[in-house]
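Heads up: the structure comes next, in structure tokens.
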Amino acid sequence: MTQASEKTVKSEIERMVDLDKLGNGTALEITTTESERNALAKRFGFLDLPALSARVTVDRRPGGQVVVEGRLKGRLVQACILSLDPVTQELDDAFRLVFAEDVAEERDPESGEALLNSQGDAPEPLAGNMLDVGELVAEQLSLTAEPYPRRPGIKLEDVLPKPKGGARRAAPEQRRHPFAGLAALKDKPRRGR
């Protein structure tokens, strides 16, 4: 969910900034509560999110741009993709986002879905005068989390089933021809004539 999309659901760590009252900028220190972290863990499929905080600045720049810069810190626990054992990741990530009022969100004419801009530094559209900095931190958390967490030292061979009979590979089964039974009947002598 981006800031340009219509909000129907409140963010787990909502921290609203009124851009009309921004002045020269503002700094926010976001310290999450246990219930906020539990809600974020549920949203992103983490096993646990024991710690999350962020320091964020919001500045209005000439030309109508709003720049959000911050650093999030914390700790999250995810399931290893191979063994499903808990894997802990320490978080310390800086981010920078640029929004502009006069940017229109491009949409695919057929599907109506938002299109990604190929320019990495292109500003995102800004809808309205309120910016949910907490939601921006939540989105950065999801981007910072390891997409394929893996317990150190584990290999795919460690979780695959072992072949029966030790290390020897079993010979592949011979595929039986579907008419093999008829061929055996053909060679068999008939009774009763």
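The values are calculated or read from the model by the stated rules, or taken from the named source; none is laboratory data. Computed from a predicted structure; not experimentally measured. Because the Cβ atoms are built from the backbone with ideal geometry, glycine has one as well, and the counts that use them run over all protein chains shown. Side chains are part of the model used for accessible areas, which takes the heavy atoms of the whole protein and leaves out ligands, DNA and RNA. Shrake-Rupley method; radii C 1.70, N 1.55, O 1.52, S 1.80 Å.
Remarks
- Conditions (1) modelled with pLDDT of 90 or more; (2) open to solvent by 80 Å² or more (accessible area, probe 1.4 Å); (3) closer than 30 Å to Arg150 by Cα; number of the one not met by Leu116: (1)
- Number of residues in region 1-32 that are under 27 Å from Pro62 (Cβ atoms), modelled with pLDDT under 80 and open to solvent by 30 Å² or more (accessible area, probe 1.4 Å): the value is 4.
- Test: residue in region 87-94 that is in contact (Cβ under 8 Å) with a residue 60 or more places away in the chain and more than 20 Å from Tyr148 (Cβ to Cβ): no
- Region 152-193 - residue that is open to solvent by less than 100 Å² (accessible area, probe 1.4 Å), under 30 Å from Val77 (Cα atoms) and part of a loop (DSSP other than H, G, I, E, B) and, of those, modelled with the lowest pLDDT: Leu160
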